[in-house]
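Undergrad: Before I ask anything, let me first share the structure, which is written out below as structure tokens.
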């Protein structure tokens with residue numbers, strides 16, 4: 001039995017039966033059988049259905065936002081942001097699908113008509129996470145369907161209602177039966193589906209260990225996987241920056257969604273000349289957060305997703321403090337935080353270094369470490385000293401410097417004066433243990449299609 005424990009009060013919020021072996025078999029077979037028919041739909045026809053899907057989904061925003069809050073603890077006042085992100089990404093991909101999926105002309109004259117088409121892969125198995133359950137899944141669902149693939153969705157056990165809401169919106173859009181399906185699955189059944197020959201591609205968002213399990217389950221099969229994994233994203237605050245702008249945005253990048261974002265800011269490197277001012281500013285800003293019941297409109301910092309996560313975060317902080325780090329935030333300002341609940345006080349650690357796991361391993365909570373740097377060379381070295389590479393950012397008024405600096409950073413996305421944001425027109429990708437593959441932008445379609453060449457000669 002799947003049980004979703006709400007982090008609001010650690011009670012059971014949702015219960016669902018896991019898919020039986022027969023249900024899994026029926027789902028795989030249905031997807032295989034309907035694929036050839038769905039493949040024959042024109043892109044125009046698929047765009048109409050997917051556009052209706054987006055419209056239908058957004059109509060139910062109030063119910064979806066409350067469910068989101070109760071399932072994973074994000075403040076209700078902030079849940080509408082995910083709906084806006086869903087809309088922005090979906091509409092962009094619909095708009096760009098003609099360009100992204102158009103054939104590539106090699107030669108066209110009186111004698112030859114040679115081109116490359118972008119054909120669907122077949123059935124795509126999407127394994128979606130709980131932290132941004134709609135924004136991450138839409139990145140994969142929309143281009144997969146537009147390209148002519150069938151989709152089987154397995155959502156996190158923390159957010160099972162998200163799969164059901166997506167399914168309802170797609171059914172109401174008139175999508176043919178079997179083109180989109182979802183399953184509630186345990187780990188063993190998930191691995192079994194990945195290894196099944198009827199799965200043609202896997203898209204996974206989650207932990208590094210989870211990514212390794214996906215690769216292991218694929219085994220010797222000749223299919224690809226898109227893996228969006230961990231992050232420990234850094235920021236460099238240069239002395240010529242707009243200091244208040246940097247403070248406010250980096251605090252938000254560290255604490256939004258209780259720090260549970262793969263591209264959230266976990267490491268900040270500050271020029272020594274402005275270090276003291278920055279530390280004082282982010283301390284004052286952080287202590288203004290309201291940590292409370294996420295169903296209250298005034299709350300802007302909610303619980304982390306589960307008690308085990310809260311315990312891990314607290315232990316990560318304690319370990320750093322035992323090695324000399326200092327938390328500059330007075331936890332007495334956040335009285336709801338207790339060791340036996342999911343409400344974790346925001347923390348800002350100074351006197352940290354890279355000998356601490358806190359600065360090297362993903363914490364995934366409302367906390368950030370700040371280090372003083374003396375020059376750009378030191379900043380580059382420290383920012384690149386990580387097993388991850390999803391996003392990184394610089395805060396400066398010098399665009400040319402930012403461009404030069406960004407080329408030296410090992411990352412999938414580099415920001416100037418911004419962080420913790422996805423532009424749907426840019427490729428969402430990473431390096432090192434952050435994973436492989438691309439979503440979003442026109443390039444995202446290339447990962448859910450295969451090239452097929454046509455060489456026509458008129459004799």
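Undergrad: Show that you can apply the helix-only estimate: for the chain, add -39,500 (n - 2.57) for every DSSP H stretch of four or more residues, divide by all residues, and state [θ] at 222 nm to the nearest 500.
TA: About -12000 deg cm²/dmol.
Undergrad: While we're on this one: State the Kirkwood hydrodynamic radius of the range 262-411 in Å, one decimal place, computed from all pairs of distinct Cα atoms.
TA: Result for the range 262-411 stands at 16.5 Å.
Undergrad: So, one more: Any chance you could list the semi-axes, whole Å, largest first, of the equivalent ellipsoid that the Cα gyration tensor gives for the range 342-388, using √(5λ)?
TA: 22, 13, 8
Undergrad: Further, regarding this structure: Grab every C-alpha pair in the range 298-354, bin the distances at 10 angstrom width from 0 up to the longest one, and report whole percents.
TA: P(r) for the range 298-354, in whole percents per bin: 23, 52, 24, 1.
Undergrad: Relative to the longest principal Cα axis of the chain, at what angle does helix 43-59 sit, 0 to 90 degrees, rounded to 10?
TA: Result, in degrees: 40.
Undergrad: Another question about this same structure. Cα-based Rg (one decimal) and Dmax (whole number) for the range 16-131, in Å?
TA: 19.6, 63
Undergrad: Radius of gyration and Dmax for the range 213-268's Cα atoms, expressed in Å?
TA: Rg and Dmax of the range 213-268, Cα atoms, are 17.4, 52 Å.
Undergrad: Angle check, please: helix 80-101 long axis (alpha carbons) against the longest principal axis of the chain (alpha carbons), in degrees 0 to 90, nearest 10.
TA: 40
Undergrad: Ranked by Cβ crowding within 10 angstrom, fewest neighbours first, how are 359, 383 ordered? All intermediate terms of the calculation are to be shown ahead of the outcome.
TA: On the way: 359 22, 383 25.
Placing the least packed residue first, the sequence is 359, 383.
Undergrad: Once the Cα atoms of helix 275-286 and of the chain are each reduced to a long axis, what angle between those two axes, in degrees from 0 to 90 to the nearest 10, is obtained?
TA: 70
Undergrad: Report D for the range 397-452 in µm² per second (integer): Stokes-Einstein, Kirkwood Rh on Cα pairs, 37 °C, 0.692 mPa s.
TA: 254
Undergrad: Ratio of the range 1-74's C-alpha Rg to 2.2 N^0.38 Å, to two decimals?
TA: Relative to the 2.2 N^0.38 Å estimate, the range 1-74 comes out at 1.57.
Undergrad: Still on this structure: Using a simple spin-label model with points 7 Å from Cα along the Cα→Cβ vector, what separation in nm is obtained for residue 36 and residue 222?
TA: 2.2
Undergrad: Same structure, new question: Rg and Dmax of the range 186-322, using alpha carbons, in Å: what are they?
TA: Reported Rg and Dmax, both Å: 19.9, 59.
Read-outs: derived from the displayed coordinates by stated rules, not from any lab. As the structure is a computational prediction, the values presented were derived from the model and not from experiment. Reconstructed Cβ throughout: ideal geometry from the backbone, glycine too, with neighbour counts over all protein chains shown.
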